[in-house]
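> This is the structure, below, for whatever I ask next.
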Amino acid sequence: MVTELSKQFSLINSWINELRNVDIQHDRMRFRRNMERIGEIAAFEISKGLEKKEVEIQTPLDKITVQEIAVQPVITTILRAGVPLFEGILSYLDRADCGFVAAYRKHDANDYFSIKQDYLTCPNIEGRPLIVADPMLATGASLIEAIKDLLTNGTPTQLHIVAAIASRQGVETIEKAYPDAKIWVGAIDEGLTSKGYITPGLGDAGDLSYGEKLQR
Ligand SMILES: O=P(O)(O)OC[C@H]1O[C@H](OP(=O)(O)OP(=O)(O)O)[C@H](O)[C@@H]1O
Ligand SMILES: O=c1cc[nH]c(=O)[nH]1
């Protein structure tokens, strides 16, 4: 199931507009903060579907029985572009555990690329909700590789994928690979270039957050 968070107009539309706008997106602190804000909204939406439990707390005046998250999720991301979106999610789901995957596009002489993954560190996800943050769901190849590896750490109760911008093709690829996943995306764009860039998209999320990388 996919939820496009900007479909119903709200503040999130303005933040996505700023991520895309060439006159604004090079303000790196604002770019990262807008990614974080999308992560915060996604975390809030995800929290509505988390399993709840009843707990009793003591106020200064009385006891009260309230609802709390029953099982804390594990929040994960793909380095490096995913970090600001991840930080936004973690700032709301602030008792979660966290995991990290490093993946990059390795280009060949014809500029075709494959996904190279060389780092995974993640707590046990058995019986817990798993959230995977990846700001740009382009072809979906990075997410598929990352999730495949993450699932070696246990079977989650729920799988949530959070992206700021996704291509229609990327969403369909993930839906096919993980039909039970809940996909939370800021906006879905129709285009994907031959080099795997979302159009109109926003360009390179990692470079805009942290500086232009040297090609490997
Ligand atoms: O859906 P895909 O086609 O796999 O592409 C999406 C990947 O591209 C982005 O990473 P990028 O390589 O831009 O990040 P970096 O700057 O952190 O290397 C993004 O964070 C995804 O991981
Ligand atoms: O459009 C895209 C695709 C992959 N990675 C990005 O940063 N942007």
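The values are calculated or read from the model by the stated rules, or taken from the named source; none is laboratory data. Everything numeric here is computed off the predicted structure, so don't read it as measured data. Only protein heavy atoms, including side chains, enter the accessible area calculation; ligands, DNA and RNA are left aside. Shrake-Rupley method; radii C 1.70, N 1.55, O 1.52, S 1.80 Å.
> How tilted is helix 141-150 with respect to the longest principal axis of the chain? Cα atoms for both, answer in degrees (0 to 90, nearest 10).
Between helix and principal axis, roughly 40 degrees.
> Something else now. Determine the per residue accessible area of the stretch 2-210 with all protein chains present and a 1.4 angstrom probe, expressed in square angstrom.
Result: 51 Å² of accessible area for each residue.
> Could you look at the stretch 53-148 and say what percent of its accessible area is carbon and sulfur, using a 1.4 Å probe and all protein chains?
About 50 percent, which is the carbon plus sulfur part of the accessible surface.
> May I pose another question? Among all the lysines, which ones have a C-alpha under 17 Å from Lys53's C-alpha, if same-chain residues fewer than 8 places away are not counted?
Qualifying lysines at Cα under 17 Å: Lys63.
> For the chain, what is the relative contact order in percent, using Cα pairs closer than 8 Å and at least 6 residues apart in sequence?
Averaging sequence separation for qualifying contacts and normalising by length gives 23 percent for the chain.
> Now, a different point. Sort largest first and round to whole Å: the equivalent ellipsoid semi-axes of the stretch 149-200, each the square root of five times a Cα gyration tensor eigenvalue.
24, 12, 9
> Still on this structure: Select from Pro129, Pro179, Pro73 the residue whose mean-square fluctuation is largest in a Gaussian network model of the chain (Cα-Cα springs shorter than 10 Å).
With Cα springs under 10 Å in the chain, the top fluctuation among Pro129, Pro179, Pro73 is at Pro179.
> Something else about it: From the phi of every residue in the stretch 151-157, what ³J(HN,Hα) in whole Hz does the Karplus formula 6.51 cos²θ - 1.76 cosθ + 1.60 yield, where θ is phi - 60° and glycine or proline is x?
Karplus values, whole Hz, x for Gly and Pro: 5, 6, 9, x, 9, x, 7.
> Whole Å is fine, so just give me how far the alpha carbon centre of the stretch 179-213 lies from that of the stretch 115-168.
The two parts, judged by their Cα centres, are 15 Å apart.
> While we're on this one: Can you tell me what share of the DSSP beta bridges in the stretch 2-210 is antiparallel? A percent to the nearest 5 is fine. Please list the in-between numbers first.
On the way: 17 of 44 bridges.
Beta bridges within the stretch 2-210, antiparallel portion: roughly 40 percent.
> Could you list which residues have their amide H under 5 Å from that of Asp189, counting only those 5 or more apart in sequence or on another chain, with H placed in the peptide plane?
Ala166, Ser167, Arg168
> Which angle between 0 and 90 degrees, to the nearest 10, do you get for helix 83-92 versus the longest principal axis of the chain when only C-alpha atoms count?
10 degrees
> Where does helix 28-47 land angle-wise versus the long Cα axis of the chain, in degrees 0 to 90, nearest 10?
50 degrees
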